[in-house]
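The values are calculated or read from the model by the stated rules, or taken from the named source; none is laboratory data. Keep in mind the model is a prediction, meaning the values are calculated, not measured. Here Cβ is always computed from backbone atoms with ideal geometry, including for glycine, and neighbour counts include all displayed protein chains. Each accessible area value is taken on the protein alone, full model and side chains, heavy atoms only, with ligands, DNA and RNA left out. Shrake-Rupley method; radii C 1.70, N 1.55, O 1.52, S 1.80 Å.
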Amino acid sequence: MKKSLKEIADIINGNVATEYENFTVSNLGNIDGASEGDLIFSDEAHLEAAKVSKATAVLIPVQIENFSKPAIRVSEPKAAFAKLLQIFTPKLKIKIGISDKAHIGDNVKIAENVTIMPFAVVDDNAEISAGAIIYPHVYVGQYAKIGENTILYSNVTVREYCQVGKNCVIQPSAVIGSDGFGFTTKDGVHTKVPQVGNVIVEDDVEIGAHVGIDRAAMGSTVIGHGTKVDNLVHVGHNCKIGANCLIVAQTGISGSTTVGHNVTFGGQVGTVGHITIGSNSVFAARTGISKSMPDNVFCAGFPIQSHSDWLKTQAAIRQLPELIKKIRQLEAKLQSE
């Protein structure tokens, strides 16, 4: 696909100098691997690398002047580039219809324009809405519901009674509705507490590969509208995750935790259970959240503290070896006097 810089600028509401309007690009690339014919993007931190790259043109922030390569200036280069990826990336050819090698149970409701590929299993009384795509080796349990235009990639499991909303993407090997980790212990013997609730995944959610979202003991575990969950995340039973959250890889959210809207968890964040985490908050990687947190905080570390305090603590820790050395020198001097 070839497009002129003028055509691209019109698509992303960008500005391009007149002398570059008729330059054409045929691919999108990155700074390190770019070649002639590529369009790349750069933020202010990587402008010098972009200048010496082999790319034909660069998306750059609108405030940058005197750039030495053909450029399209936009307010948010990364977001503009993401929009272009949808145009330049070839669409997969997926045949609509139900494979005769798929297993469809009794009383299953399947809407129009659904794709169910070979070796997928849709169990009794499940519902598959219009435009859904179900890849090979997916299991959709009894009475489960899959919303419109949702994609379930290979080896996804959506267990009984669970619900997945519209326009969701669930990456390979994610499990929606595994049993919650609930046991009673008496005389050293652990006895399973039946987990009879479900999971509700609301609209426009993306769930990464190998994610485990546990069904509620009773009621529902909920993943809110627009939330994005990275690979290898665990969400415990009866959690309520708000809208538009970002949950980065290897995060573990313990059971019965309530998370507000627009919360970001960095990689390997862990929480205790039965707490409430306020909206519009950010928790840096490896934060240990051991208590309920208010809205609008930026925290890090364990024990949990404000991110600014954590930075100060880390800076102080680096000085400890030298401080210990000085203390020992002073002790030796005092003992010799």
Being touching a strand residue (DSSP E or B) at 6+ places or on another chain (Cβ under 9 Å), open to solvent by 30 Å² or more (accessible area, probe 1.4 Å), in contact (Cβ under 8 Å) with a residue 60 or more places away in the chain and not charged (D, E, K, R), is that true of even one residue in region 185-197?
-> no
Checklist (1) over 30 Å from ASP124 (Cβ atoms); (2) open to solvent by less than 90 Å² (accessible area, probe 1.4 Å); (3) touching a residue at least 12 places away in the same chain (Cβ under 8 Å) applied to ALA45, failing item | (3)
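Restricting the search to region 311-337, which residues are part of a loop (DSSP other than H, G, I, E, B) and not polar (S, T, N, Q)? First the steps, then the outcome.
First, pick out the residues of region 311-337 that are part of a loop (DSSP other than H, G, I, E, B): 319, 337.
GLU337, the sole residue that qualifies.
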Residues of region 218-251 being open to solvent by 10 Å² or more (accessible area, probe 1.4 Å), in contact with a Ser or Thr (Cβ under 7 Å, 6 or more places away or on another chain) and not in a loop (DSSP other than H, G, I, E, B), in sequence order, are LYS240, LEU246
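Give the residues of region 124-149 that are hydroxyl-bearing (Ser, Thr, Tyr) and touching a Gly at 6+ places or on another chain (Cβ under 7 Å), sorted by residue number.
Quick first cut of region 124-149, residues hydroxyl-bearing (Ser, Thr, Tyr) only: 129, 135, 139, 143.
Across region 124-149, the qualifying residue is only SER129.
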Within region 252-261, restricting attention to residues that are touching a Lys or Arg at 6+ places or on another chain (Cβ under 9 Å) and open to solvent by less than 30 Å² (accessible area, probe 1.4 Å), which residue is nearest to VAL169 (Cα to Cα)?
-> VAL259
Within region 171-184, the residues that are among the β-branched types (Val, Ile, Thr) and without any contact (Cβ under 8 Å) to a residue 24 or more places away in the chain are THR184
So which residues in region 89-136 are touching a Pro at 6+ places or on another chain (Cβ under 6 Å) and open to solvent by 40 Å² or more (accessible area, probe 1.4 Å)?
-> LYS101, PRO118, PHE119
Any idea how many residues of region 114-135 are farther than 14 Å from CYS162 by Cβ and assigned to a strand (DSSP E or B)?
-> 5
For region 136-170, how many residues meet the condition of being more than 16 Å from HIS210 (Cα to Cα), in contact (Cβ under 8 Å) with a residue 24 or more places away in the chain and not in a loop (DSSP other than H, G, I, E, B)?
-> 2
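Say whether the condition of being among the aromatic types (Phe, Trp, Tyr), over 25 Å from ASN27 (Cα atoms) and modelled with pLDDT of 95 or more is met by at least one residue in region 115-136.
Yes, there is a match, as at least one residue in region 115-136 is among the aromatic types (Phe, Trp, Tyr), over 25 Å from ASN27 (Cα atoms) and modelled with pLDDT of 95 or more.
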Considering region 6-42, residues that are over 30 Å from the mean Cα position of the chain (by Cα) and without any contact (Cβ under 8 Å) to a residue 12 or more places away in the chain, and then whichever is least open to solvent (accessible area, probe 1.4 Å), we arrive at GLU7
Among (1) over 15 Å from the mean Cα position of the chain (by Cα); (2) more than 24 Å from ILE104 (Cα to Cα); (3) in contact (Cβ under 8 Å) with a residue 12 or more places away in the chain; (4) surrounded by fewer than 20 Cβ atoms within 10 Å (Cβ to Cβ), the one test that GLU206 misses | (1)
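Condition check: in a loop (DSSP other than H, G, I, E, B), modelled with pLDDT of 95 or more, at negative phi and surrounded by fewer than 14 Cβ atoms within 10 Å (Cβ to Cβ). Does ASP295 satisfy that?
Working: in a loop (DSSP other than H, G, I, E, B): yes; modelled with pLDDT of 95 or more: yes; at negative phi: yes; surrounded by fewer than 14 Cβ atoms within 10 Å (Cβ to Cβ): yes.
It is true that ASP295 is in a loop (DSSP other than H, G, I, E, B), modelled with pLDDT of 95 or more, at negative phi and surrounded by fewer than 14 Cβ atoms within 10 Å (Cβ to Cβ).
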For SER308, indicate whether it is modelled with pLDDT of 95 or more, out of contact with any strand residue (DSSP E or B) (no Cβ under 6 Å at 6 or more places or on another chain), assigned to a helix (DSSP H, G or I) and not acidic (Asp, Glu).
-> yes
Do we find that THR264 is open to solvent by less than 20 Å² (accessible area, probe 1.4 Å) and modelled with pLDDT of 95 or more in this structure?
-> no
